[in-house]
Amino acid sequence: MLIFSTTAIGQRTVSGTVMDNDNNPIIGATVVAEGTNVGTITDFDGKFSIDVPADAERLLVSFIGYRTMAINMSDYDGSMINVAMAEDAMALDEVVVTGTFTGRTQKDAPMSLTVLNRDQLARLSSNSQADILRTVPGITAEGGGGEVATNLFVRGFPSGGQYAFTPLQIDGVPILSTFGLNSSAHDVYFRNDIGLRSLEFVRGGSSTLFGAGSVAGIVNYNSIRGTDDPENKVQLEWGQGGRYKADFLTAGPASENLYYAFSGFYRFDNGPLETGMPTRGYQIRGNLKKVFNEGNSSFVVSMQNIDDNVQFYLPYPLDNSTGERLRPIGNDGETIYTMLSGNLKDFSFDTPFGQFKSPIGNGVTTDGGFVMAELKHSFGNDWLLSAKTKAASYEHWFNLFLDGDGVHNTPEDQENYLIDRGLPADATFTYADNGTQLASGDLLFENRVLDRQRDMEELVGEVNLTKTVNNHNITIGTFTSFTRADDNNWIHNVLGDFTNSPRAVSVDYVDSLGNAVSYSADGFVTGRQTSNRYHESNKIAFYAADEIKGDRLDLDFGVRWERAEGLISRENGVGTNRFQKGTVSASDFAVAIAALYRLSSNVNVYANASRGYFFPQLRSVSFPLPGVPQSYETENVIQGEVGTKYSSGNLAATAAVFINTLTDRRNVDFVNDPNNPGNVIEEVALQDTRTFGFEASANYLIMSGLSVYGNFTFQDHQFTKVESDPTMVGNSIARIPNVMGMVGLDYAGGGFDANVSSNFLGSKFANNSNTVELEGFNIVRLDAGYTFDLGSAGESMRLGLAVFNLLDSAGITEGSPRQGNSQVGGGEFFVGRPILPRRLFVRAAFNF
């Protein structure tokens, strides 16, 4: 921060105070006479005094995270000025670090970029990453499955889900640098907590250049780091359905030039759906920052330790008798919300490696963490060195109830259940918990449980060097990573009645020899191990970029070359000791160019274009001959974008049009095995796609403390090649709507704050064959609270109420990916996944 002063004939001295909406002073706000180099900053009481040149027409008051305020000097009457700053929901004037090597404001970045601050993250985070990411323009996020495994689709890129084209990062380092070693999403290794400062989401081809490289964008969370001002926060949360959570944050100076920040949580949850399988866990994150060499060097060590488990909810049979796809009514007359059940766990069965006991009761479990270090040094002659490294190791299981037995997949009556399985007509159906017989009209539902062991370890390193020459910021760097992940699967069938969180059902009969036979023993039907495999990936990349800063025109150029090598180990069958092993490799380059032009102090226009690549998922590589893997070539991506950004007074807005093409995409879907009923396989299809679209976002300050905001996305996407089925050329890409958007109202003032928003996702197709269309739906959120002053200045307590899905919408987020292109929209039942029902949260947050 620089303080400039000057004297001139006719200048005026202007004094005032800068406050937030709660009348707290803002320390360090910048006050500048527009069009001059005359400026100052506010003191510890938020006060300022500035000598304004006679020809200056306005004063501009700005601070990170707040909307820039303008004071017309023609209206100045010589009295003290009181400036009330409003939070900037779009943060166009906030400095961002994602998608750039040097740091610049969102408004000056020649790309689409969305920033969410810590308060926005707190009110959006209800159930999963999807609750946060679906508020970003151009993003389709499916989160009906629970707290983890968000399926993310960006600007029409096809995906089987997870984070295929958009890596999840923490402080600029990817959670997982290689996609496709197995089908676990990146967010299983990380949970949000109150120690996050912001989210920066970069979209477009320029993200290919940075770190692990990306096709469609980068999701980067920035952690809070300690400063000279101590900060402490404890938040207690009670959620409907038996949720209890305690969060903490502490940050500040440990000693001279040494700073700390630690955050974490403990959580217990019986919900959000009643399953009889409660979850619990914790996460602790922290960082230490040392500044030395007279402020020219810094060293940051960060860590995470997590031991957490959550439940994951897959699609299940919905009542389609009227064509409305509603949550069905069970045998007991009650609504069915889930087929997960604590009555159908703890089963064990024999495998070639011994007896296996299913851990399905634990749901999705993650136990492990990372250690990360970052060293920066400024050499004092416009050279800047940055080096990062991370080591991570996790024990991870992804255990889930599937969406049927792989053959019927819908409820069955007792007579047809016996006929289809060749069982005697006089077999009996009894409840395992009390031995009573099912009523004759009660329906049955046979399901599968899939247990997947996905242990992962990774090493990452990145070094880059930046040199500033005149208006050029030239960066060269290298990125390298090693990742190994297991992919071991066990599957077993279970039988329950058709009720919410089903009761286990036994099927017994007497065979022709007079022997008592249990087809379903207390709900267990049969089990087997289906895979024993692992994949390894080694990557190395080199990149160079130049960010050219001009008075009105900024230009960006960048190139990247990368090589990836993969090791594949898969046992043929299980317990055969015969393996398919092989190595594959590929290399490719990316190039990106971008420009931004300042039409005025309020309006910037920009354009960018890129040619990028994506390494195919190693799990998609087959072996046409023993020991000979198929060819391994990159998928090619072309992207272009033109947009504008506006910020002035009460209005901030962005708009962009974009186009992208993807060729030779090896898409992987998890489907039922047609040749081995009951099993699931990974189906690979080679595809080309094309998408063009429009995005817009805006935030308008209606009055001090009250603003309205929203965004809108239109995207036209289609297949231009489908190798397995040419008739699908021209079809829309599955699970991606053409239209989506949101609108919200935000208020803060006098200690009270409130936010209400509605997020709309338009209709979409459940599969690439476009045989099943899913209707659009709205998700409405409410968050409100009141802050009480406690003790000395800055100490407070906020009592708040938050509601997810306020109107209790039951919109269908997806059909059955296991049925894939064979799924149809008709029939008495439709297998689909509704969004999670309405849930209330009460929070008490203490700041001191």
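The values are calculated or read from the model by the stated rules, or taken from the named source; none is laboratory data. Keep in mind that this is a model prediction, so the values were computed, not measured. Here Cβ is always computed from backbone atoms with ideal geometry, including for glycine, and neighbour counts include all displayed protein chains. In case anyone asks, the SASA skips ligands and DNA or RNA and just uses the protein heavy atoms, side chains included. Shrake-Rupley method; radii C 1.70, N 1.55, O 1.52, S 1.80 Å.
Below is a table of values for the structure above.
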{"read-out": "Where labels lie 7 Å past Cα in the beta-carbon direction, separation of residue 509 and residue 673 in nm", "value": "2.5"}
{"read-out": "Computed lengthening from residue 595 to residue 82, 0.36 nm per intervening residue step minus Cα-Cα distance", "value": "180.8 nm"}
{"read-out": "Cross-link partners of residue 376 among lysines (Cα-Cα below 16 Å; sequence separation of 8 or more within a chain)", "value": "289, 290, 388, 390, 467"}
{"read-out": "Label-reachable residues, region 538-558, where backbone N falls under 12 Å from a point 7 Å from residue 382's Cα toward its Cβ", "value": "549"}
{"read-out": "Pairwise Cα inverse-distance average, inverted: Kirkwood Rh of region 482-621 (Å)", "value": "21.3"}
{"read-out": "Helix-only CD estimate at 222 nm, as mean residue ellipticity for the chain, using -39500 (n - 2.57) per DSSP H run (n ≥ 4)", "value": "-500 deg cm²/dmol"}
{"read-out": "Residue-wise HN-Hα coupling along region 695-703, computed from phi with Karplus coefficients 6.51, -1.76, 1.60 (Hz; x: Gly, Pro)", "value": "10, 8, 8, 7, 9, 10, 7, 5, 7"}
{"read-out": "Convex hull of Cα atoms in region 539-647, direction-averaged projection (nm²)", "value": "9.5"}
{"read-out": "Stretch gain in nm, segment residue 694-residue 745, where the contour uses 0.36 nm per residue and the Cα spacing is subtracted", "value": "16.1 nm"}
{"read-out": "Residue order for 697, 587 - accessible surface, 1.4 angstrom probe, largest first", "value": "587, 697"}
{"read-out": "Centre separation in Å (Cα based) which lies between region 407-446 and region 528-593", "value": "49"}
{"read-out": "Amide H partners (placed H, <5 Å) of residue 217, local residues excluded", "value": "204"}
{"read-out": "Residues residue 651 and residue 232, FRET efficiency given R0 of 41 Å [Cβ-Cβ distance, rounded to 0.05]", "value": "0.70"}
{"read-out": "Equivalent-ellipsoid semi-axes of region 583-723, from the Cα gyration tensor, Å, largest first", "value": "43, 20, 12"}
{"read-out": "Amide hydrogen neighbours beyond the local backbone of residue 172, cut-off 5 Å, H modeled", "value": "221"}
{"read-out": "Computed E for residue 293/residue 246 - FRET, C-beta separation, R0 35 angstrom, nearest 0.05", "value": "0.35"}
{"read-out": "Listed values (1) 46; (2) 53; (3) 30, entry calculated as percent of Cα pairs over 44 Å apart", "value": "(3)"}
{"read-out": "Solvent-accessible area, 1.4 Å probe, carbon plus sulfur percent, for the chain", "value": "54"}
{"read-out": "Gap separating the Cα centres of region 240-266 and region 105-159, nearest whole Å", "value": "24"}
{"read-out": "Residue 576 versus residue 463: modelled label distance in nm, points set 7 Å from Cα along the beta carbon direction", "value": "4.6"}
{"read-out": "Calculated FRET value between residue 373 and residue 307, using beta carbons and R₀ = 22 Å, to 0.05", "value": "0.45"}
{"read-out": "Simple label model, 7 Å out from Cα along Cβ direction - residue 329 to residue 419, nm", "value": "2.6"}
{"read-out": "Hull-based mean projected area of region 465-527, where the convex hull spans the alpha carbons, in square nanometres", "value": "10.8"}
{"read-out": "Net length gained if the chain between residue 280 and residue 472 were fully extended (0.36 nm per residue, minus Cα distance)", "value": "64.0 nm"}
{"read-out": "With all protein chains modelled, accessible area of residue 191 [1.4 Å, Å²]", "value": "10"}
{"read-out": "Paramagnetic label zone (point 7 Å from Cα along Cα-to-C-beta, residue 729; backbone N under 16 Å) in region 637-656", "value": "none"}
{"read-out": "Heavy atoms of residue 522: accessible area, 1.4 Å probe, square angstrom to 10", "value": "90"}
{"read-out": "Heavy atoms of residue 356: accessible area, 1.4 Å probe, square angstrom to 10", "value": "20"}
